[in-house]
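Encoded as structure tokens, the structure appears first; notes follow it.
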Amino acid sequence: MKFPKRTLALILAVLMLTAALSACSGGKQGETQTETDPTPQSGNAEGANIGEPVMGGDLRVGIAQDLDDTFDPHNIISAGTREVLFNIYEGLVKPDNDGNLVPAVAESVDISEAGDSFTFTLREGVKFHNGETVTAEDVVYSVSRAAGLGADKPMIDGMQIITSVEATDEKTVVVTLGEPNIEMLALLTAGIIPAGSDPAVETVGTGPFKFVSRIPQESIVIEKFDEYWGTPAYVDSVTYKIIDSGETIVMSLKSGALDLVAHLTSAQVNELGDDFTVLDGTMNLVQAVYLNNAVEPFNDVKVRQALAHAIDRQLIMDFLAEGRGAAVGSSMYPAFEKYFVPELVDEYSYDPELAKQLLADAGYPDGFSFDCTVPSNYQPHIDTAEVVAQELQAVGVSMNIKLVDWETWLSETYLGRNYQATIVGVDAAMMTARAMLERFTSDAGNNFVNFSSAEYDETFAAAISCTDDAEQTELYKKLQTILAEEAANLYIQDLCDLVAMRKGVGGYEFYPIYVMDMSKVYFTN
Amino acid sequence: MRRTPNYNLILGCTLTAATVSVIILGFFWTPYEPDAMSIAERSVSPCAAHLLGTDNFGRDILSRVMQGAGTTLEIAFLAVSIGATCGTLIGGLTGYFGGIADEIIMRVNDAVTAFPSVLLALVAVAITGGGKTNLIIVLGILFIPSFARVVRGEFAKQRNMDYVKNAKLMGVTNLRIMFVHILPNIAPVLLSSIAIGFNNAVLAEASMSFLGVGVGPTESASLGRMLLDAEAYLFSAPWQALSAGFAITILILGFALISDGMGYRPTWRPVAKRRRKADA
């Protein structure tokens, strides 16, 4: 009896594959056991300082998305873009890693007693990347451009109250506001660009790095700026590699193609092994199931409240990051200590029975089904969506996850507002409470959830015109309370931010806003 | 004289029968609820309680493979049904009648076949949106040309045969000749292409879902989707990827062997030949 060769070959092939794969899985299982606890180091920078920093080197950083929206520092839409542009542009002041605003292009600032005028003294000898010295004229141009003076709309929301920007002499610029606003300083972190230039055409700033090149969907290269006024960067250049698949990022790290990647999940970190330093922080954003408050059934506050009771945030954090992360109850993350209202975290207890009851009251005794749009390049959001879908299933609501690519999400969901629900993280563009809360006023251009509340609008107006810091803080807290009570969105958490660096790289520091400061990162010998 | 057994067909049928019965069982009963998450049992390696282990959400992989293979097979079955039915109709008509219509339809057919089918499917799904129903329709339509081509060739061959000419002389209607007289004669070829079609459909569903444009994450477990989810845990929990991968392999192997076996021509070997060998 002869066995047909083809059959034999097929069977042998399958057997060999089995043997090879099971052998490999056996080895890896042993490994996983030893690294069940990845023990990331604490969030402070000292944890990363191993060895002496050396100057030079090309740092390769993995990022999940390209800078599709813009290179314009006054028109940044996505946080991923800001995170890169932070290294290229600087404002009159800039945030430091403790959350303070420190002078940058300006040497000092003098705020008038009434809070409606800022006098900046420019720093001597600050150079643009094109070699020219920053003049008062450049500052006037940049601030006017961001504030939309002479245009219908400000490029940066909130700057419309600036009525004039004047250079009183070569080294002094006075910014006058139509109404007092002590938070304006945070908005003046907006990048300074050469007078008359269009950042969409040429990328010239004053930051520690200058822009070199970009290959769309592939890489962005920035280079150390030698004439930088401040502490120069350690590395010679930074190459951002755009890798939208989480698995490919891990593979690239392991293979040595990348030196540093931020925003990793704990599953990804668990795959990395011992050759990496892992820092544990928070992303400084508010991850939530953002609901389109203008469409059925989410235009009913009872439905939103019901769903808020149906979500177990702790469980999501347990699944995603072994419990890491910080639960939030409104549109403010804990790093904003001054404004964060911890009590709101427990506004909606996890209570499926109550959720069912509320749904029945709202006219949905049998639940309903809705589509949840999730950008497909953010694994944490997809994983969250799967857990949320499962939790909502328990109260009879079925959530269909619709994965879309980032560009589609930006145009259709965020700008087009054509969606029912979406899971993303929303961060603060500027280091102000206002940056988190302004988007929920009825006519804000970025109010993509279509939240509308007269009380909210009034409170917000009162808050921004308030000149007393304590009173203003109270008003901001009240705004968060309104958002929580109205259950504008199903607030989940501030995601944990795991940053992995190859051994031999150090200096990474967390900021209270969503940026990666590359000037502090260095190689060690 | 001895007839060598059709090993391919036997093995293929056994494999397919075994997997299909597990899948059918999965429609009624799975060891665990396929979507039930459990924080305490995340990424458990295969053990007695979870024969294939659990995934990162603590879902039982065996249950998910059973359900996922069911989804995959369901999509394959419906897509192949659409493709085979339409393909047979089109191929039959054009092959039997020939003429200018035949030329035109077959050139259109060539044009469609010129593109890789997964690429076409990706484009189609990008326009219509993902999801199970869309996937079935898109794959079904994409399978029409291959069936049409095979059936057309056979019909063109058969229509000149004596039995068809006889039937025509006796006044049998064209439709009856096509579907009662000719169709049964091309059954082996058709069945063989159906088996290949299943093969392609399973692969297409798996790859589309793996690319994230097929079955959605909340719709139902699917083998391709499971592979995609497992990708992130390739090294820390390899059983996830292995389970889904093996399920696909076995499904495809079964169908491939069947289709191989269908085209099998038995060889007749004189018994004497063996004896002579033994003597030597």
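If the condition is being over 26 Å from residue A:246 (Cβ atoms) and among the polar types (S, T, N, Q), then the range A:366-380 contributes only A:369. What are the residue pairs meeting all of these: first residue in the range B:92-108, first residue at pLDDT 90 or above, second residue acidic (Asp, Glu) and crowded, with 17+ Cβ neighbours inside 10 Å, Cβ atoms under 6 Å, and 6 or more apart or on different chains? These pairs meet every condition: B:94/B:102. When A:236, A:274, A:226 are checked against the criterion of being surrounded by fewer than 17 Cβ atoms within 10 Å (Cβ to Cβ) and free of Cβ contacts under 8 Å to residues at least 60 places away in the same chain, a single residue qualifies: A:226.
Listed here are the helices (runs of 4 or more DSSP H) enclosed by the range A:252-349 that have at least 2 residues being more than 30 Å from residue A:219 (Cα to Cα) and of a type outside the set (D, E, K, R): A:301-310, A:313-321.
Considering only residues that are touching a strand residue (DSSP E or B) at 6+ places or on another chain (Cβ under 9 Å) and under 30 Å from residue A:384 (Cα atoms), look in the range A:510-525 and name the one that is surrounded by the fewest Cβ atoms within 10 Å (Cβ to Cβ). Going through the qualifying residues, I end up with A:511. Across the range A:222-249, what is the number of residues that are within 18 Å of residue A:521 (Cβ to Cβ), aliphatic (A, V, I, L, M), under 21 Å from the mean Cα position of the chain (by Cα) and away from every other protein chain (no Cβ under 14 Å)? Qualifying residue count for the region: 2.
When residue A:131 is tested against the conditions (1) within 29 Å of the chain's Cα centre (by Cα); (2) surrounded by fewer than 18 Cβ atoms within 10 Å (Cβ to Cβ); (3) closer than 24 Å to residue A:196 by Cβ, the lone failure is (1). Annotation: of all residues in the range A:388-401 being more than 7 Å from chain B (Cβ to nearest Cβ) and outside any loop (DSSP other than H, G, I, E, B), the one that is surrounded by the most Cβ atoms within 10 Å (Cβ to Cβ) is A:388. The selection criterion, being surrounded by fewer than 24 Cβ atoms within 10 Å (Cβ to Cβ) and more than 21 Å from the chain's Cα centre (by Cα), does not hold for residue A:427.
Kindly indicate whether residue A:447 is outside any helix (DSSP H, G or I) and under 22 Å from residue A:347 (Cβ atoms).
Taking the combined requirement at face value, the residue satisfies it.
Of the residues making up the range A:351-387, those that are more than 10 Å from every other protein chain (Cβ to nearest Cβ), touching a residue at least 60 places away in the same chain (Cβ under 8 Å) and in a helix (DSSP H, G or I) number 3. If you scan the range B:189-212, which residues turn out to be of a type in the set (Phe, Trp, Tyr) and within 14 Å of chain A (Cβ to nearest Cβ)? Answer for the range B:189-212, where residues must be of a type in the set (Phe, Trp, Tyr) and within 14 Å of chain A (Cβ to nearest Cβ): just B:210.
Taken together, A:373, A:408 contain a single residue that is over 29 Å from residue A:189 (Cα atoms), among the hydroxyl-bearing types (Ser, Thr, Tyr) and in contact with a Lys or Arg (Cβ under 8 Å, 6 or more places away or on another chain), which is A:373. Tell me the residue from A:226, A:236 that is among the charged types (D, E, K, R), more than 30 Å from residue A:394 (Cβ to Cβ) and touching an Asp or Glu at 6+ places or on another chain (Cβ under 7 Å), please. Unique residue meeting the criteria: A:236.
Scanning the range B:186-208 for residues that are among the polar types (S, T, N, Q) and either outside any helix (DSSP H, G or I) or within 15 Å of residue B:118 (Cα to Cα) (or both) yields a count of 3. For the range A:159-184, the candidate set comprises residues that are surrounded by fewer than 20 Cβ atoms within 10 Å (Cβ to Cβ) and among the aliphatic types (A, V, I, L, M); within that set, the residue that is farthest from residue A:433 (Cα to Cα) is A:167.
Residues checked against (1) surrounded by fewer than 23 Cβ atoms within 10 Å (Cβ to Cβ); (2) touching a Phe, Trp or Tyr at 6+ places or on another chain (Cβ under 6 Å):
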residue: A:417; (1), (2): yes, yes
residue: A:433; (1), (2): no, yes
residue: A:436; (1), (2): no, no
residue: A:439; (1), (2): yes, no
residue: A:446; (1), (2): yes, no
residue: A:454; (1), (2): yes, no
residue: A:467; (1), (2): yes, no
residue: A:478; (1), (2): yes, no
residue: A:489; (1), (2): no, yes
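Does residue B:63 satisfy the criteria of being on the phi > 0 side of the Ramachandran plot, in contact (Cβ under 8 Å) with a residue 24 or more places away in the chain and over 16 Å from the mean Cα position of the chain (by Cα)? Taking the combined requirement at face value, the residue does not satisfy it. Only one entry of A:325, A:367 meets the criterion of being modelled with pLDDT under 90 and buried (at least 21 other Cβ atoms within 10 Å of the Cβ), and that entry is A:325. When the range B:213-257 is filtered for residues that are in a helix (DSSP H, G or I), more than 8 Å from every other protein chain (Cβ to nearest Cβ) and touching a Lys or Arg at 6+ places or on another chain (Cβ under 7 Å), only B:226 remains. Looking only at residues of the range A:35-63 that are modelled with pLDDT of 80 or more, touching a strand residue (DSSP E or B) at 6+ places or on another chain (Cβ under 7 Å) and assigned to a loop (DSSP other than H, G, I, E, B), we find that the one that is surrounded by the fewest Cβ atoms within 10 Å (Cβ to Cβ) is A:52. Going residue by residue through the range A:479-486, is there one that turns out to be in a loop (DSSP other than H, G, I, E, B), of a type in the set (Asp, Glu) and within 29 Å of residue B:129 (Cα to Cα)? Within the range A:479-486, none of the residues are in a loop (DSSP other than H, G, I, E, B), of a type in the set (Asp, Glu) and within 29 Å of residue B:129 (Cα to Cα). Of the strands (runs of 3 or more DSSP E) lying entirely inside the range A:101-211, those carrying at least 2 residues that are farther than 26 Å from residue A:69 by Cα and touching a helix residue (DSSP H, G or I) at 6+ places or on another chain (Cβ under 6 Å) are A:162-169, A:172-177. Checked against the criterion of being at the interface with chain A (Cβ under 10 Å from one of its Cβ atoms) and of a type outside the set (A, V, I, L, M, F, W, C), the range B:20-27 has no qualifying residue. Can you report the number of residues in the range B:9-66 which are within 23 Å of residue B:198 (Cα to Cα), surrounded by fewer than 18 Cβ atoms within 10 Å (Cβ to Cβ) and of a type in the set (Gly, Ala, Ser)? Qualifying residue count for the region: 3.
Tell me, which residue of the range A:495-525 that is small (Gly, Ala, Ser) and in a strand (DSSP E or B) is modelled with the highest pLDDT?
Kept after step one, since they are small (Gly, Ala, Ser), are these residues of the range A:495-525: A:500, A:504, A:506-507, A:519.
If we keep only those that are in a strand (DSSP E or B) too, we end up with A:500, A:506.
Details: A:500: 92, A:506: 89.
Among them, the one singled out is A:500.
In the range B:240-262, of all residues being in contact (Cβ under 8 Å) with a residue 40 or more places away in the chain and over 24 Å from residue B:27 (Cβ atoms), the one that is surrounded by the most Cβ atoms within 10 Å (Cβ to Cβ) corresponds to B:257.
The values are calculated or read from the model by the stated rules, or taken from the named source; none is laboratory data. On a predicted model such as this, the values are computed, not experimentally measured, just so you know. Positions of Cβ are backbone-derived with ideal geometry, glycine not excepted, and every protein chain shown enters the neighbour counts.
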